[in-house]
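Step one of this worksheet: look at the structure below.
The values are calculated or read from the model by the stated rules, or taken from the named source; none is laboratory data. Every value quoted in this text rests on a predicted model; they were computed, and no experiment measured them. Cβ: placed from backbone, ideal geometry, glycine included. Neighbour counts: every protein chain shown. The protein model used for the area step is the full one, side chains on, heavy atoms only, and it has no ligands, DNA or RNA in it. Shrake-Rupley method; radii C 1.70, N 1.55, O 1.52, S 1.80 Å.
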Amino acid sequence: VRSAYEAFQEGLRLLERASPHAAIEALERARELEPDKGSIRETLGRAYFRAGQFVAARDEFARAVELDPVNDYALFGLGLCLLRQGDAVGSRRHLKLAVAMRPEMAAYRDALSEAGGDEGATE
């Protein structure tokens, strides 16, 4: 794989084929070549999450949010990672934003509910 784009595409294909560990390898190569691409960071976060590597996933989703604060899926992923790590308060903060951006996404609402959040609640 020569370019970040090719590595990213390979990682996406592997992730779609339910091969998160193989996807991680390709996506880490893409990240090395393009460290400030939010799409690479988000997809690598998804691969880490599916591989059960929640700390690494959290870090990638957090970087994706830094690069693109309106990336609703990265906010969702970050919220899920924090929830898995026992930080329900931190989780709710990110999940509320994701729900506000994409209220039609049942997965976002379900995760917020699991975190003990309510779309109308304030903290």
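What to note about this one:
- Any hit, the range 22-39, residues being in contact with an Asp or Glu (Cβ under 6 Å, 6 or more places away or on another chain) and within 14 Å of Ala64 (Cα to Cα): yes
- Any hit, the range 98-105, residues being surrounded by 17 or more Cβ atoms within 10 Å (Cβ to Cβ) and either without any contact (Cβ under 8 Å) to a residue 12 or more places away in the chain or not hydroxyl-bearing (Ser, Thr, Tyr) (or both): yes
- Count - residues of the range 29-57 that are in a helix (DSSP H, G or I), among the charged types (D, E, K, R) and open to solvent by 70 Å² or more (accessible area, probe 1.4 Å): 3
- Residue, farthest from Ile40 (Cα to Cα), within the range 64-84, restricted to residues that are in contact with a Lys or Arg (Cβ under 7 Å, 6 or more places away or on another chain) and surrounded by fewer than 21 Cβ atoms within 10 Å (Cβ to Cβ): Asp72
- Against the test of being in contact with a Pro (Cβ under 7 Å, 6 or more places away or on another chain) and at pLDDT 95 or above, the options Arg58, Arg50, Arg46, Arg93 yield a single qualifying residue, Arg50.
- Residue match in the range 98-105 (condition: small (Gly, Ala, Ser) and closer than 23 Å to Ser19 by Cα): no
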